[in-house]
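> Below: one structure in structure tokens.
The values are calculated or read from the model by the stated rules, or taken from the named source; none is laboratory data. All of these numbers come straight from a predicted model, not from anything done at the bench. Cβ placement follows ideal geometry from the backbone for every residue including glycine, while neighbour counts extend to all protein chains displayed. Just the protein is used for accessible areas: all its heavy atoms, side chains included, with ligands, DNA and RNA removed. Shrake-Rupley method; radii C 1.70, N 1.55, O 1.52, S 1.80 Å.
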Amino acid sequence: MDADKKDDFLYADQTHAIIGCAFEVLNEIGHGLHEKIYENALVVEFELRDITYSQQPECDAIYKTVEIGKYVPDLTCFDKIVVDTKTIEKITENERGKMLNYLKVTGLKVGLIINFTHARLEWLRVARR
């Protein structure tokens, strides 16, 4: 990756660190368990690697300046990246669209959808400008 492309990749080091944790979790406990197991295992790995995170933080959902509910992402890391753990057959445009909405609600710019269903880790980085 050349320098110009790397500069365009917002929070590259942080997203790589999170994905590295996900690989470690998958290698350690395997695939196909419930989402919450992977979320909790990621928390353990984040602590081992000194990655700042918040688990199940409450975020206000606002419609035309009125709070209409709460959004609770699985995790946020480094106070700037939403992490959504999944155990689904495949990450689709539906999950991508939901992540874009989560980013809008939280005001954050980058999200990671991480799918632990299969022996090969699947992830999707979603960014909004």
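> Examine segment 111-123 for a residue that is closer than 15 Å to Gly20 by Cα, buried (at least 17 other Cβ atoms within 10 Å of the Cβ), among the β-branched types (Val, Ile, Thr) and within 12 Å of the chain's Cα centre (by Cα), and state whether such a residue exists.
Yes, because at least one residue in segment 111-123 is closer than 15 Å to Gly20 by Cα, buried (at least 17 other Cβ atoms within 10 Å of the Cβ), among the β-branched types (Val, Ile, Thr) and within 12 Å of the chain's Cα centre (by Cα).
> Go through segment 84-95 and count every residue that is among the charged types (D, E, K, R) and surrounded by 14 or more Cβ atoms within 10 Å (Cβ to Cβ).
Initially, segment 84-95 is screened for residues among the charged types (D, E, K, R), giving 84, 86, 89-90, 93, 95.
Right, trim to surrounded by 14 or more Cβ atoms within 10 Å (Cβ to Cβ) and you get 84, 86, 95.
Residues in segment 84-95 being among the charged types (D, E, K, R) and surrounded by 14 or more Cβ atoms within 10 Å (Cβ to Cβ): 3 in total.
> When you go through (1) touching a residue at least 24 places away in the same chain (Cβ under 8 Å); (2) open to solvent by less than 80 Å² (accessible area, probe 1.4 Å) one by one for His34, which number turns out not to apply?
Of the numbered conditions (1) touching a residue at least 24 places away in the same chain (Cβ under 8 Å); (2) open to solvent by less than 80 Å² (accessible area, probe 1.4 Å), the odd one out for His34 is (2).
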